Amino acid sequence: AQKITQTQPGMFVQEKEAVTLDCTYDTSDPSYGLFWYKQPSSGEMIFLIYQGSYDQQNATEGRYSLNFQKARKSANLVISASQLGDSAMYFCAMREEITGNQFYFGTGTSLTVIP
Amino acid sequence: DAGITQSPRHKVTETGTPVTLRCHQTENHRYMYWYRQDPGHGLRLIHYSYGVKDTDKGEVSDGYSVSRSKTEDFLLTLESATSSQTSVYFCAARGTAAYEQYFGPGTRLTVT
């Protein structure tokens, strides 16, 4: 079974609008962390935001927020006020803390911001 | 970025030749990882290390071996490269805080 599922291969958003990138995960580990990374065309992996499984509040980092719904096992990334520089691949990832420290990635969502 | 460097950054090699990729970190992180990135697959874990000489397999470990003789260096070896190992390889290290997972710049490997 897939540990991380990203069902949107490609997304388009108008500049200055908000966009939600979907991510669902599968784990039986009670302690885990959820991550979002941005990969621009230059190829580097840029950390955006983190949510711990025991965190009560949704994580926010500037224009990024993580909509964490634990019962539904979803960790959607919300980007507010999209900018042209947000055009990139976005990856959701999970680390299970107890079952070996492995780090799992989804297949990514390609976001294009339209001027 | 936790001072993670990878070498070489680009390599073209022939089928059947051995290849070693190096990952070097300067922050004394305990956990280090090797991933490969292919279109449609995201990043997949090849091997990881939880200390000097302590390594374990990831989901796509066949055809790869690793070694970690020093905290700062994590080597990935393709004993006999195949065209299916053409990929971009990323090294990563885990920091002390839960959110810290740092990536190197990647190595683009082409096996002809």
Tell me yes or no: at least one residue of the stretch A:22-32 is modelled with pLDDT under 95, in a strand (DSSP E or B) and touching a strand residue (DSSP E or B) at 6+ places or on another chain (Cβ under 9 Å).
yes
Would you check if there is a residue in the stretch B:71-93 being in a strand (DSSP E or B), touching a residue at least 60 places away in the same chain (Cβ under 8 Å), over 18 Å from B:Lys11 (Cα atoms) and under 13 Å from the mean Cα position of the chain (by Cα)?
yes
Note on the stretch A:33-52: residues more than 13 Å from the chain's Cα centre (by Cα) and in contact (Cβ under 8 Å) with a residue 24 or more places away in the chain are A:Pro40, A:Ser41
Would you pick out the residues in the stretch A:72-106 that are surrounded by fewer than 22 Cβ atoms within 10 Å (Cβ to Cβ), at pLDDT 95 or above and either farther than 18 Å from A:Val19 by Cβ or of a type in the set (Gly, Ala, Ser) (or both)?
A:Arg72, A:Lys73, A:Ser74, A:Ser80, A:Ala81, A:Ser82, A:Gly85, A:Ser87, A:Ala88
Has the stretch A:33-41 got any residue that is part of a strand (DSSP E or B), in contact with a Lys or Arg (Cβ under 9 Å, 6 or more places away or on another chain) and of a type in the set (Gly, Ala, Ser)?
yes
Reported set for the stretch A:60-82 where residues are aliphatic (A, V, I, L, M) and under 11 Å from the mean Cα position of the chain (by Cα) is A:Leu66, A:Ala75, A:Leu77, A:Val78, A:Ile79
Please find, within the stretch B:36-73, the residue that is nearest to A:Arg95 (Cα to Cα) out of those that are crowded, with 18+ Cβ neighbours inside 10 Å and among the small types (Gly, Ala, Ser).
B:Gly58
All positions within the stretch B:14-54 that are in contact with a strand residue (DSSP E or B) (Cβ under 6 Å, 6 or more places away or on another chain) and modelled with pLDDT under 90:
B:Gly42
Kindly list the number of the only condition in (1) under 11 Å from B:Leu21 (Cβ atoms); (2) in contact (Cβ under 8 Å) with a residue 40 or more places away in the chain; (3) away from every other protein chain (no Cβ under 14 Å) that fails for B:Tyr64.
(2)
Pick from the stretch A:9-32 the residues that are in contact (Cβ under 8 Å) with a residue 60 or more places away in the chain and surrounded by 17 or more Cβ atoms within 10 Å (Cβ to Cβ): which of them is farthest from A:Phe103 (Cα to Cα)?
A:Val13
Determine which member of the set B:Arg44, B:Arg36 is of a type in the set (D, E, K, R), over 23 Å from A:Glu97 (Cβ atoms) and either without any contact (Cβ under 8 Å) to a residue 12 or more places away in the chain or in a strand (DSSP E or B) (or both).
B:Arg36
Tell me yes or no: at least one residue of the stretch B:31-45 is touching an Asp or Glu at 6+ places or on another chain (Cβ under 6 Å) and under 21 Å from B:Ser7 (Cβ atoms).
yes
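The values are calculated or read from the model by the stated rules, or taken from the named source; none is laboratory data. Here the structure is a predicted model, which means the values were calculated and not measured. Methodologically, a virtual Cβ is constructed for each residue, glycine included, from the backbone with ideal geometry; neighbour enumeration extends over all protein chains shown.
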